[in-house]
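The values are calculated or read from the model by the stated rules, or taken from the named source; none is laboratory data. Nothing here was measured: the structure is a model prediction, and the numbers come from that model. Because the Cβ atoms are built from the backbone with ideal geometry, glycine has one as well, and the counts that use them run over all protein chains shown. The accessibility values were calculated without ligands, DNA or RNA, using every heavy atom of the protein model including side chains. Shrake-Rupley method; radii C 1.70, N 1.55, O 1.52, S 1.80 Å.
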Amino acid sequence: MAKIILDRLAQQFVAGEILETGSQHGNEWARVAPAHWRAVAQFLRDDAVAALNMFIDLTCVDRLGRTPRFDVVMHLYSVDKKHRVRLLAGLPEDDSSIDSLVALWPGANWFEREAFDLYGVHFVGHPDLRRILMYPEFVGHPLRKDFPKEGRQPLLRRLPGSVD
Amino acid sequence: MPFSVYTSKLAQAVNWARKFSLFEYPFVTACCGMEFMATWAPKYDIARFGAELPRFSPRQADLLIVVGTITERQGPVLRRIYDQMCEPKWVIAYGVCASTGGFYQNYSAMPGADQVIPVDVYIPGCPPRPEQMLDALVMLQERIQKGEGHSQVVLRAERGYVAPDVAIRPAGDTREGSGR
């Protein structure tokens, strides 16, 4: 399977922006240095060969115990070329911030808010980085592996006699 | 004829009218709603029990049916809807999620709607069959007739309404509960 996108990245970024790449069954992925997250994304969107003009998904993975702890994962798709790529960026626990891509793909807005809400990843330059699923009063980021599974934070006082 | 006997008979008549004229407010949040809708349809036909008319305003409803998972975030919404309903009012929790939280044992799902509002009848099932809804409705009608609904009990305590079970129970029996 031709590695069209990975070859393009290897041609364009030679200064260590791309940390690791892989391709299995035609699924190409690249691990990007977080500082170059936005530059790589913009290149892939605007490049005529890659032409990855469609934002598919953005989420986060908490690999507790690993360094760096978090992986931000993004999927891109080319409507014209019909190929796709997965980009990853590892973020350390003490500085889990990365450039926002809302300026490139407006559709990334709510996905970045979700990753912020549930994992506490900060997206620099996001126009409206608020919680999107949990309520504003909620403390913590519940999909982090060290968040207690039943860490409920009720908004209302429970009725007397109710069993949690 | 003593006045208390007269008023208790009146309460029985009023409760009889209430139980066959329930106006529902369906608070549907999840997949249970698909099964719940069938109770309105001709095959199960909840109209046979006088509860066929859903009112999509809580102010016009006296039966709140909580259908589906309630999250902590929805708690204040559910409580406000319940508070907006005129008394007396009743609540049915449809399905295990509304009753206990079901298989959701996590940071976001509320372990049962009864954490924030009083529930009169619980229906287990994931989702329950429409027959169970009809069964629960009949159970609720029995409670209404006996004046045992949560809000009926509260009304009696707060405003001194005469209980219908004055005539049902022997004199001097002040135990709480149904007395069945």
Legend entry - residue A:97 paired with residue B:154, simple spin-label distance in nm, labels 7 Å along Cα-to-beta-carbon: 4.8
Inset, instruction - Leaving ligands, DNA and RNA out of it, work out the accessible area of residue A:59 with a 1.4 Å probe and give it in Å² to the nearest 10. - result: 50
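Ignoring ligands, DNA and RNA, please state the percent of accessible area on chain A from carbon and sulfur, probe 1.4 Å.
Details: 4650 of 8740 Å².
Answer for chain A is 53 percent, counting heavy atoms of protein chains only.
Work out the FRET efficiency for residue A:137 and residue A:11 from their Cβ-Cβ distance, taking R0 = 51 Å, and round it to the nearest 0.05.
Numbers: r = 49 Å, r/R0 = 0.97.
After rounding to 0.05, the efficiency reads 0.55.
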Inset, instruction - Could you compute the FRET efficiency for residue A:24 and residue A:81, with r as their C-beta to C-beta distance and R0 at 22 Å, rounded to 0.05? - result: 0.70
Legend entry - 1.4 Å probe accessible area per residue over the protein assembly as shown, in Å²: 52
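Using helices alone, I'd like the mean residue ellipticity at 222 nm for chain A: each DSSP H run of four-plus residues gives -39500 (n - 2.57), total over residue count, nearest 500. Mind showing how you got there, number by number?
Working: 3 runs with 31 residues, N = 164.
Value at 222 nm, helices only, nearest 500: -5500 deg cm²/dmol.
Quick one: work out Rg over Rh on the C-alpha atoms of segment B:1-91, Rh as Kirkwood radius.
Details: Rg = 16.0 Å, Rh = 14.7 Å.
Rounded to two decimals, Rg/Rh equals 1.09.
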Inset, instruction - State, to one decimal in nm, how far the label point of residue A:39 lies from the label point of residue B:41, with both points 7 Å from Cα in the Cβ direction. - result: 6.0
Legend entry - Listed pairs B:43/B:146; B:19/B:146; B:9/B:146 exceeding 20 Å between Cα atoms: B:43/B:146
Inset, instruction - With a 1.4 Å probe and all protein chains in place, put A:73, B:14 in order of accessible area, largest first. - result: B:14, A:73
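Interface size between chain B and chain A, please: total buried accessible area, 1.4 Å probe, rounded to the nearest 100 Å². Display every interim value, and only then the final one.
Working: alone 9810 and 9520 Å², together 17730 Å².
Chains B and A together bury roughly 1600 Å² of accessible area.
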Inset, instruction - Indicate the residues belonging to segment B:56-89 that lose 10 Å² or more of solvent-accessible heavy-atom surface (probe 1.4 Å) upon moving from the chain alone to the assembly of all protein chains, ignoring ligands and nucleic acids. - result: B:72, B:73, B:76, B:79
Legend entry - Descending principal axes extents, the protein assembly as shown, alpha-carbon based, whole Å: 101, 44, 31
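Report relative contact order for chain A in percent, whole number only (criteria: Cα-Cα under 8 Å, sequence separation at least 6). Kindly include the intermediate steps, with their values, before the conclusion.
Numbers: 276 pairs, mean separation 27.1, N = 164.
Once normalised by length, the contact order is 17 percent.
Give, in nm to one decimal, the length gained when the segment between residue B:10 and residue B:131 is fully stretched (0.36 nm per residue of separation minus the Cα-Cα distance). All intermediate terms of the calculation are to be shown ahead of the outcome.
Numbers: separation 121, 0.36 × 121 = 43.56 nm, distance 3.18 nm.
Stretched out fully, the residue B:10 to residue B:131 stretch lengthens by 40.4 nm.
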Inset, instruction - Could you check the simple spin-label distance between residue A:4 and residue B:77, using points 7 Å along Cα→Cβ, in nm with one decimal? - result: 4.3
Legend entry - Alpha-carbon spread of segment A:4-124, three principal axes, descending order, Å: 36, 27, 26
Inset, instruction - At 0.36 nm per residue, minus the direct Cα-Cα distance, what do residue A:67 and residue A:31 gain on full extension? Give it in nm, one decimal, please. - result: 11.5 nm
Legend entry - Reachable lysines, given that their alpha-carbon falls under 30 Å from the alpha-carbon of residue A:81 and they are not under 8 places away in the same chain: A:3
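At 0.36 nm per residue, minus the direct Cα-Cα distance, what do residue B:48 and residue B:103 gain on full extension? Give it in nm, one decimal, please. Don't skip to the end; give the middle numbers.
Working: separation 55, 0.36 × 55 = 19.80 nm, distance 3.30 nm.
Gain on stretching residue B:48 to residue B:103: 16.5 nm.
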Inset, instruction - Please determine, in degrees from 0 to 90 and to the nearest 10, the orientation of helix A:37-46 with respect to the longest principal axis defined by the Cα atoms of chain A, where the helix direction is its Cα long axis. - result: 50
